[in-house]
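Participant: A single structure is presented below for examination.
Derivation of every value follows stated rules applied to the coordinates shown; laboratory data play no part. Remember, it's a predicted structure, so these values are computed and weren't measured experimentally. Glycine gets a Cβ as well: all are built from the backbone with ideal geometry, and neighbour counts include every protein chain shown.
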Amino acid sequence: MRVQPSLKIGVALAVGYMALFGMLVKMSGVGYDDLTSTADNALKGLVIPMAIVTVVLLVVTSILGWWKPVVRDQKRAKGWVIVVPIVMAFTVFAGVNYSGLSEFDSKLLLWIGIGAALVGLSEELMYRGLIIVSFRSTMKESHVWLWSSVAFALLHSINVLLGQGGIATVQQVVVTFVIGSGLYIARRTTGLIVVPMVLHLVWDYSSFTAGDYVLSGLLSYVAFGTVLVALVFGHKLLFAPADAGTVAGNATA
């Protein structure tokens, strides 16, 4: 590592990410509720801002020299909690409204797909990568889960400034805390950041294209319930040391 991880770096990165994302979407002139209403909106309000954010994160990660701990845990969580990413994978892929995709303009679907991929890449690189590495420098693993998931949830609070309603934003913050916890578990149980990246990509693609598809909403409750069960009954497995040689990695949950 060129730069030693610290809590201050993690907080600075989270604040910087939120500010950059919010500024770029605001500059696009596209309101949050209209991000995927047309192909032009998806390009200007989703793809271009997220492409810029992703490039910035790739550069930052390289400058810090954190690629190895960002992409892989030295020790993964073992045991039955591996069911969480399995259930999440089933629910996100089954929750896509495949038959309804034909109703979308092909150009819009393309930009939504690229946008969802960039969101999955950048947000996971930040919140299940850089933030986790930063927080592990001083926190035990249970606190790493909690505060990285809180930071991920708070990112979505900025949507109220981008045109989303207040009640909808509060609901989104709560939901994304649970989703973020599930994505954290996906990293811990597989040891690889690419797994939550793929889950995040498909989850967002499903959300962007779901419309009134009831099954997508029902399956999300299955995923939420599985995550909560794992956190309550599998915390000793999940919060075992993840990386050797760090303060958090040598602490107990």
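Participant: In a Gaussian network model over the chain where Cα atoms closer than 10 Å are linked, find which of 160, 232, 119 has the largest mean-square fluctuation.
Facilitator: Greatest mean-square fluctuation among the candidates belongs to 232.
Participant: Where is the GNM fluctuation largest for the chain (alpha-carbon springs, 10 angstrom cutoff): 110, 192, 201?
Facilitator: Residue with maximal mean-square fluctuation among 110, 192, 201: 110.
Participant: For the chain, find the longest principal axis of its Cα atoms and tell me its angle to the long axis of helix 48-64, 0 to 90°, nearest 10.
Facilitator: Computed tilt is about 20 degrees.
Participant: Rank these for me by crowding, 2, 128, 76, going from fewest to most other beta carbons within 10 Å.
Facilitator: Working: 2 8, 128 25, 76 15.
Fewest to most other Cβ atoms nearby, the residues stand as 2, 76, 128.
Participant: Name the residues whose placed amide hydrogens come within less than 5 Å of the amide hydrogen of residue 192, ignoring near sequence neighbours (fewer than 5 apart) on the same chain.
Facilitator: 73
Participant: Sticking with this one: For the chain, modelled as a GNM with alpha-carbon contacts under 10 angstrom, which of 182, 113, 225 fluctuates the most?
Facilitator: 225
Participant: Please label the shape of region 7-238 as rounded, prolate or oblate, based on the square roots a ≥ b ≥ c of the eigenvalues of the alpha-carbon gyration tensor (a/c under 1.5 means rounded; beyond that, a/b larger than b/c means prolate, else oblate). Mind showing how you got there, number by number?
Facilitator: Working: a/c = 1.73, a/b = 1.22, b/c = 1.42.
In terms of gyration-tensor shape, oblate.
Participant: Here's a follow-up. By count of other Cβ within 10 Å, fewest leading, how are 91, 38 ordered? Present the calculation step by step, with values, prior to reporting the outcome.
Facilitator: Numbers: 91 24, 38 16.
Listed from fewest to most nearby Cβ atoms, that is 38, 91.
Participant: So how tilted is helix 83-94 from the main axis of the chain? Cα-based, degrees 0 to 90, rounded to 10.
Facilitator: Taking Cα atoms only, the helix is inclined about 10 degrees.
Participant: Looking at the square roots a ≥ b ≥ c of the eigenvalues of the Cα gyration tensor of region 1-51, which shape do they give, rounded for a/c under 1.5, prolate if a/b is larger than b/c, or oblate? Provide the component values of the computation, followed by the final result.
Facilitator: On the way: a/c = 4.16, a/b = 2.85, b/c = 1.46.
Note, shape of region 1-51 comes out prolate.
Participant: To make sure I understand, if each residue's beta carbon is the centre and we count other beta carbons within 10 Å, what order do 197, 139 fall in, fewest to most? Spell out each step's value before the answer.
Facilitator: On the way: 197 24, 139 21.
So the residues, fewest neighbours to most, are 139, 197.
Participant: Determine the shape class of region 1-86: with a ≥ b ≥ c the square roots of the Cα gyration tensor eigenvalues, call it rounded for a/c under 1.5, and otherwise prolate if a/b is greater than b/c, oblate otherwise.
Facilitator: Working: a/c = 2.67, a/b = 1.50, b/c = 1.78.
It comes out oblate by the Cα gyration axes.
Participant: Taking R0 as 30 Å, what FRET efficiency do you get between residue 23 and residue 72 from their Cβ-Cβ distance, rounded to the nearest 0.05? Write down the numbers at each step before the final one.
Facilitator: On the way: r = 32 Å, r/R0 = 1.06.
Once the sixth-power term is evaluated, E becomes 0.40.
Participant: Right, something else. Given the -39500 (n - 2.57) contribution per DSSP H run of 4+ residues, what per-residue ellipticity at 222 nm results for the chain, rounded to the nearest 500 deg cm²/dmol? Please report the intermediate quantities before stating the final value.
Facilitator: Working: 12 runs with 165 residues, N = 253.
About -21000 deg cm²/dmol.
Participant: Please work out how many pairs of lysine residues in the chain are eight or more positions apart (or on different chains) and have Cα atoms closer than 27 angstrom.
Facilitator: Qualifying lysine pairs in the chain: 15.
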